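Here's the structure we're looking at; comments come further down.
Every number in this text was worked out from the coordinates using simple rules, so none of it is lab data. From a predicted model like this one, the values you see are computed outputs, not experimental measurements. Here Cβ is always computed from backbone atoms with ideal geometry, including for glycine, and neighbour counts include all displayed protein chains.
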Amino acid sequence: MDRMEKTPKVAFVGNSHMAFWALDIYFPQWKCLNYGAPGEGLAYVESFAADTSDCQVIIQFGSNDIYELNDENVDDYVERYVKAILAVPSLKTYLFCIFPRNDYDDYSTAVNRFIRMLNQKIHEKLQGTDIIYLDVFDRLSLDGRLNPDLTIDDLHLNGKGYSILAEAVKRAVNV
């Protein structure tokens, strides 16, 4: 087997957390394709059309959809979310949980409690599938909020935050 065949091909799909990740720094030995799109959410993943069938795929999205969700529509959202994940072509799919966020004024932890509940529903719905779930929620959290030491603006991760993600990916991906 030559060197090209040994180089893993990994596609990253999702929102700004994927788009802003300096993949060449964290995974220099991999061929990384970045399909992250700032501001996107479920609709983007549902309409994802790139052929990633020859890739291992890392997906993370959902935080941009949070403010459209409530107790009445969350179960339908989870159904669509999991269906969209399963539709992305891959050799193997890894799904990050929805990350905590702090980009609101009242310093409440309510949105992160909702995200935790949403993550639990998604994780339960993934049971029986081949999707590998990467739960880094607690590693990114501090006192019910996104740890300020891991963020540049209370929403987007800094190098320390991305190091947590990279560690989780490297542990999970078999290359």
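Filter Lys31/Lys125; Lys125/Lys170; Lys125/Lys160 down to the pairs with a C-alpha to C-alpha distance above 28 Å, please.
Lys31/Lys125; Lys125/Lys160
Projected area of the chain, taken from the Cα convex hull and averaged over every viewing direction, in nm²?
9.9
Quick one: angle between helix 159-172 and the longest Cα principal axis of the chain, in degrees between 0 and 90, rounded to 10, please.
Long axis of 159-172 versus the principal axis of the chain: about 60 degrees.
What is the set of long-range amide H partners of Ile59 at a cut-off below 5 Å, with H atoms built 1.01 Å from backbone N?
Val13, Tyr94, Leu95, Phe96
With contacts defined as alpha carbon pairs under 8 Å and 6 or more residues apart, what's the relative contact order of the chain in percent?
That works out to 20 percent.
Find, among the chymotrypsin sites (Phe, Trp or Tyr not before Pro) in segment 47-136, those assigned to loop by DSSP (not H, G, I, E, B) with at most 16 other beta-carbon atoms within 10 angstrom.
Tyr104, Tyr107
Amide H of Leu142: which non-local residues (sequence gap of 5 or more, or other chain) have their own amide H closer than 5 Å, using H built in the peptide plane?
Residues meeting the amide H criterion: Asn147.
Just want the answer: with Cβ charges of +1 for Lys and Arg and -1 for Asp and Glu, which residue in Ala43, Gly159, Ala172 is farthest toward the dipole's positive end in the chain?
Among Ala43, Gly159, Ala172, the one farthest towards the positive end of the dipole of the chain is Ala172.
Checking the a/c ratio against 1.5 first, then a/b against b/c, what shape does the Cα gyration tensor give for segment 24-109?
oblate
Whole-Hz Karplus ³J(HN,Hα) for segment 135-141, in order, using 6.51 cos²θ - 1.76 cosθ + 1.60 and θ = phi - 60°, x for Gly and Pro?
Whole-Hz 3J(HN,Hα) from phi for segment 135-141: 9, 10, 3, 5, 5, 8, 9.
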